[in-house]
1. Could you grab me the full set of residues in region 75-107 that are in contact (Cβ under 8 Å) with a residue 40 or more places away in the chain, within 19 Å of Ser58 (Cα to Cα) and assigned to a strand (DSSP E or B)?
2. Which one is surrounded by the fewest Cβ atoms within 10 Å (Cβ to Cβ), of the residues in region 75-90 that are among the hydroxyl-bearing types (Ser, Thr, Tyr) and within 15 Å of the chain's Cα centre (by Cα)?
3. Of the numbered conditions (1) on the phi < 0 side of the Ramachandran plot; (2) under 19 Å from the mean Cα position of the chain (by Cα), Ile184 satisfies every one except a single condition; which is it?
4. Is at least one residue of region 55-72 over 19 Å from Leu128 (Cβ atoms), surrounded by 12 or more Cβ atoms within 10 Å (Cβ to Cβ) and of a type in the set (Lys, Arg)?
5. Specify which of the listed residues (Asp114, Asp131, Asp137) is modelled with pLDDT under 95, surrounded by fewer than 18 Cβ atoms within 10 Å (Cβ to Cβ) and touching a strand residue (DSSP E or B) at 6+ places or on another chain (Cβ under 8 Å).
6. Hey, can you tell me all the residues within region 57-74 that are among the polar types (S, T, N, Q) and not in a strand (DSSP E or B)?
7. Contact list please: Cβ distance under 6 Å, first residue in region 134-152 and farther than 15 Å from Met32 by Cα, second residue among the basic types (Lys, Arg) and assigned to a strand (DSSP E or B), pairs at least six apart or on different chains.
8. Residue by residue through region 74-89, note down the ones that are within 12 Å of Ile36 (Cβ to Cβ) and not charged (D, E, K, R).
Amino acid sequence: MKKIKFLILFISLFLLSGCSAEYNLTITRDTMEEDINAIFDKNKENDYAARMEKIKRSAYYNMDTRDEEYYEFKRIDSDDKIILNYKYTYLDNDLYKSEAFTRCYYKRIVNVTDENITINTDKQVSCLYKDGDKEIDNITVNVKTKLPVLENNADKVLDNTYTWYIDDSNYTNKSIYIKIDKTIKDKENVSDLNILILVLGAIVVGIIIYLIIRFKHNKNNKIS
């Protein structure tokens, strides 16, 4: 009987030990990098985090090689938090195979063409609960790109980061949609190019002014 009670208690603690998740996706012309943080309260969820840490996480199944591709993993400890970090870089539209993405959205589109990158999901977020039990308290999704964004339905936009917040209040109606233009240079590159043009222009103007002054000076010396 004691063993049964202990088992029930253990399962209950496991199911109630939710965590927060931060899903960061950095998009360039050629790659999409997942950088996922599972965030635990060190005082309350230390054991749960330790159990999670032991599980080797698959990024996706590679149909070409018939092998599992695994996330690069590291654990980060602060005074009050434990962060389990998972990273993987996808090429082209391979992101749609992502285990994390698949787990949270059964229906998803990742479309990569020469002109655009489009990510579009259905409304239902399926990873907050598992078999009716709470698994993740909340999720923050950050899509970061220096490419021009044509359309999006983000909750917040700051500089080059587009953010969605998912929790109990909206997980049944929270789609992710973003459309990115690949035909225009990165915002940062355009800015750097403009600065370079201004600097070169200033140098050229400076040289011209110097030559004019030098010419006038030489001319005045000859006259005298």
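The values are calculated or read from the model by the stated rules, or taken from the named source; none is laboratory data. Only a predicted model underlies this, so the values are computations on that prediction, with no experimental measurement involved. Quick reminder, even Gly has a Cβ in these numbers, built from the backbone with ideal geometry, and neighbours come from all protein chains shown.
1. Ile83, Leu84, Asn85, Tyr86, Lys87, Tyr88, Thr89, Tyr90, Leu91
2. Here is the first cut: in region 75-90, the ones among the hydroxyl-bearing types (Ser, Thr, Tyr) are 78, 86, 88-90.
Still in the running and within 15 Å of the chain's Cα centre (by Cα): 86, 88-90.
Details: Tyr86: 19, Tyr88: 23, Thr89: 16, Tyr90: 21.
Only one residue tops the list, namely Thr89.
3. (2)
4. Looking through region 55-72, none of the residues is over 19 Å from Leu128 (Cβ atoms), surrounded by 12 or more Cβ atoms within 10 Å (Cβ to Cβ) and of a type in the set (Lys, Arg).
5. Step by step, each of Asp114, Asp131, Asp137 is checked, and only Asp137 is modelled with pLDDT under 95, surrounded by fewer than 18 Cβ atoms within 10 Å (Cβ to Cβ) and touching a strand residue (DSSP E or B) at 6+ places or on another chain (Cβ under 8 Å).
6. Correct list: Thr65 only.
7. Leu150/Lys179; Glu151/Lys179
8. Step one: of region 74-89, the residues within 12 Å of Ile36 (Cβ to Cβ) are 74, 83-88.
Listed by number, the residues that qualify are Ile83, Leu84, Asn85, Tyr86, Tyr88.
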